[in-house]
Amino acid sequence: MPIKRLFIANRGEIAVRIIRAAKAMGIHTIQAYSEADEDMLAVRLADEAIYIGPAQAARSYLDIDAVVAAAKASDADAVHPGYGFLAENADFVRALDAAGIGFVGPSADTIDRLGDKVAARQAAEAAGVPVVPGSKGRLETVDEAASVAADIGYPVMIKAAAGGGGKGIRIAQTEEELRKMAPQAQAEAKASFGDGGLYLERAIQSPRHIEVQIMGDGTDAVHYFERECSMQRRRQKVWEEAGAACLDDATRAKLCETAVALAKSVNYVGAGTLEYLYDSVTKEFFFIEMNTRIQVEHPVTEMLTGADLVQEMIRVAGGEKLGSTQDQITRTGHAIEVRLNAEDPTMQFMPFPGQIAAMRIPEGPGIRFDHFLYEDYQIPPFYDSLLGKLIVHGADRDAAIDLMISALEGLEIEGIKTTKPLHLALARDPAVRADDFHTQWLEPWLAAGNLTPTPS
C-alpha cells in the first residue's frame, strides 16, 4: 500500500532531507521532536510535529515505546528512521509491526542477520562475496581469539560483533597485545551496544574503504555504483567521493556485482550499503559489513547517478517495485561530499555548539548543501555535531575538487566554529589531489601540523 502519512523518527539534516523528499511525493509528513528540538528546521518544515520526550536521546529518539506510541497517535502509515538512533534496531521494527505501522527499511529478521557483523559475514560467504580472512563466528573468550589469530596470522583487527562507528575496534600485532586488547574491546562493545561479542579479521595495511549503494524491493536488487570513504579520523568518515578513482572498470564491475548478489540472497528491501576494504596493491577487495539503512553520504551517489535514493526507499517500503533496472542506472562525472561539524579542528576537534549568527550558502551548478540550519538557531549540545554536508559534482575528479574549494570559500556559518578549515586544507593538499591516501592517512597528516590554529 502506498505511504500517505510518513513519520520521521530522527532529527537534524537527515530529517529535513526525508521531509523534502516525501513532500515532493505528495506525502503528509509528521516530525518527531525532543524537548531540545522544538525549534529545529524539520519541525518547521513538516506538515505536523509531535513531542516524544526529553532532550536526552535515550528518553526520546531511542525510546522505542515513545516513538511507536507517537507514530500510532499520529495515524502514520510508516516510519522513516533516517540513520543512527533506531535505524538498525530490529526490536523497533518488530514493535512497529505489532502496532500495524510500516517501516521504511528492511525487515527485523534482515536487520538481525545483516546488522550483526558475524552473521553478515556468513551471509556474504554464502552469496559468494569475498571476505577478509577471520573468525567463522562470534568469539566470547580471549583464548578463542588467540587461537583464531594464530591461524589467520598477525596483525589482526578485533571488532565488536554488534554495532559500528568504530566502537570496540583494536589492532593487535602480537598475541600479547591481543590478550591485552580483547577484554578492552569487549568492555567497550558491551557498553556501546549491550553485546560484548567479538570477532577477528586479518588487518589489511593501508587499505581503501569502498562501499556500494544498493536498493532492493524484496525480489530484485540494483546497485548505484560505489563510493570511497577512506578519509577517516578515528574511524569516522570525514570526506567521501563517488566513484572511487582507485578502481579500474573491471574491479568496479565485480565489486558492484557482489553487492547485488548479497542483497538478492537475503531478499533485501530498501536502501543498504555494503562496505569493503580494498587493497590497491593486489587489487583485492573484501566485504566487511553492511549498513541496513540510508547512509550519511548518500548525496554523493545521488549527484553521481541523478537518483533520489530517499524517494526510492519510500516507494519500495510502500510495496512498489524498483523504479529502475540496472542498465538504466548510469554514472556521470565525479562527486565529493564533506561533513561540516560544529567542531574546532584546530583544537583537537572540540565540540562547538552555539547560536548561528549569520549564514551564506554557496549556490550554482553542481553544488548542494544538505543542512538543518537557519539564522539565530541555537544548536543543542545533546546530539552529534554534524551540521550538514556540502556536496559538489564535476565533470571529473579534478573539476570536483576545484568546485569544492570554491564552494567552501563561499560557505559562511557565523557564530560557531566548524570543520570548514579542515576541508579546505584537504582540498588543497597535493596528496589528496593525487588520490594518494588511505584509511590511516588523515591522522598522521593532522599530527604533522598540516592544520594550524586560525587567528582569533
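(1) at pLDDT 95 or above; (2) surrounded by fewer than 21 Cβ atoms within 10 Å (Cβ to Cβ): which one isn't true of L304, the others all being true?
Going through the list (1) at pLDDT 95 or above; (2) surrounded by fewer than 21 Cβ atoms within 10 Å (Cβ to Cβ), L304 breaks only (2).
Kindly indicate the residue of segment 384-396 that is within 22 Å of the chain's Cα centre (by Cα) and closer than 17 Å to P299 by Cβ and also surrounded by the most Cβ atoms within 10 Å (Cβ to Cβ) among those meeting that condition.
V392
Being under 25 Å from Q355 (Cα atoms), of a type outside the set (S, T, N, Q) and crowded, with 24+ Cβ neighbours inside 10 Å is the requirement here; does Y51 meet it?
So Y51 does not fit the description; no.
For segment 264-288, what are the residues that are closer than 11 Å to R208 by Cβ, aliphatic (A, V, I, L, M) and not in a strand (DSSP E or B)?
Result: V281, single match.
Those residues that are basic (K, R) and under 11 Å from A146 (Cβ atoms), I need them from segment 172-209; list them, please.
Hit for segment 172-209 is R179, nothing else.
Only residues in segment 89-110 that are over 20 Å from A73 (Cβ atoms) count as the first member; pair them with residues that are of a type in the set (D, E), Cβ under 8 angstrom, at least 6 apart or cross-chain, and list the lot.
A90/D109; A90/D112; A108/D91; A108/D97
Residue by residue, here is whether (1) crowded, with 16+ Cβ neighbours inside 10 Å; (2) in a loop (DSSP other than H, G, I, E, B); (3) among the small types (G, A, S) holds:
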| site | (1), (2), (3) |
| --- | --- |
| M1 | no, yes, no |
| I14 | yes, no, no |
| G26 | no, yes, yes |
| A70 | yes, no, yes |
| A87 | yes, yes, yes |
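How many of the residues in segment 1-59 are of a type outside the set (V, I, T) and closer than 19 Å to Q311 by Cβ?
24
From the list G318, G323, G366, pick out the single residue that is surrounded by fewer than 20 Cβ atoms within 10 Å (Cβ to Cβ), on the phi > 0 side of the Ramachandran plot and of a type outside the set (A, V, I, L, M).
G366
Please work out which one of (1) part of a loop (DSSP other than H, G, I, E, B); (2) of a type outside the set (A, V, I, L, M, F, W, C); (3) modelled with pLDDT of 95 or more is the condition G137 fails and give its number.
G137 satisfies every listed condition except (3).
Go through segment 104-142 and give me each residue that's under 20 Å from A203 (Cβ atoms) and among the charged types (D, E, K, R).
Of everything in segment 104-142, those that are under 20 Å from A203 (Cβ atoms) and among the charged types (D, E, K, R) turn out to be K117, R121, E125, K136, R138.
Given the structure, is S192 outside the structural domain of V266 (by TED's automatic domain parsing) and of a type in the set (S, T, N, Q)?
So S192 passes the test.
State all residues of segment 104-132 that are of a type in the set (D, E) and either modelled with pLDDT of 90 or more or surrounded by fewer than 19 Cβ atoms within 10 Å (Cβ to Cβ) (or both); if no residue qualifies, say none.
D109, D112, E125
Among the candidates D429, D402, D376, D436, single out the residue that is at pLDDT 95 or above, out of contact with any Ser or Thr (no Cβ under 7 Å at 6 or more places or on another chain), within 22 Å of R331 (Cβ to Cβ) and assigned by TED's automatic domain parsing to the domain that holds T346.
Just a single option satisfies the conditions, and that option is D402.
Which residues, taken from segment 414-453, are in a helix (DSSP H, G or I) and β-branched (V, I, T)?
Correct list: V432 only.
Within segment 412-424, is even one residue surrounded by fewer than 17 Cβ atoms within 10 Å (Cβ to Cβ) and within 13 Å of P362 (Cβ to Cβ)?
Taking every residue of segment 412-424 in turn, at least one turns out to be surrounded by fewer than 17 Cβ atoms within 10 Å (Cβ to Cβ) and within 13 Å of P362 (Cβ to Cβ).
Among the listed residues E275, E240, E284, identify the single one that is modelled with pLDDT under 95 and of a type in the set (D, E).
Within the list E275, E240, E284, the selection yields E284.
Being within 19 Å of the chain's Cα centre (by Cα) and of a type in the set (G, A, S) is the filter here, so list the residues in segment 58-96 that pass it.
Selection gives G82, G84, A87, A90.
Would you call V148 surrounded by 15 or more Cβ atoms within 10 Å (Cβ to Cβ), of a type in the set (A, V, I, L, M), in contact with a Ser or Thr (Cβ under 8 Å, 6 or more places away or on another chain) and assigned to a helix (DSSP H, G or I)?
Spelling it out, V148 is indeed surrounded by 15 or more Cβ atoms within 10 Å (Cβ to Cβ), of a type in the set (A, V, I, L, M), in contact with a Ser or Thr (Cβ under 8 Å, 6 or more places away or on another chain) and assigned to a helix (DSSP H, G or I).
I'm told H334 meets every condition in (1) within 30 Å of E257 (Cα to Cα); (2) free of Cβ contacts under 8 Å to residues at least 12 places away in the same chain; (3) not polar (S, T, N, Q) except one. Can you identify the failing condition by its number?
Of the numbered conditions (1) within 30 Å of E257 (Cα to Cα); (2) free of Cβ contacts under 8 Å to residues at least 12 places away in the same chain; (3) not polar (S, T, N, Q), the odd one out for H334 is (2).
The values are calculated or read from the model by the stated rules, or taken from the named source; none is laboratory data. The shown structure was predicted, so the numbers you read here are calculated from the model rather than taken from an experiment. Every residue, glycine among them, receives a Cβ derived from its backbone with ideal geometry; neighbour counts consider all protein chains shown.
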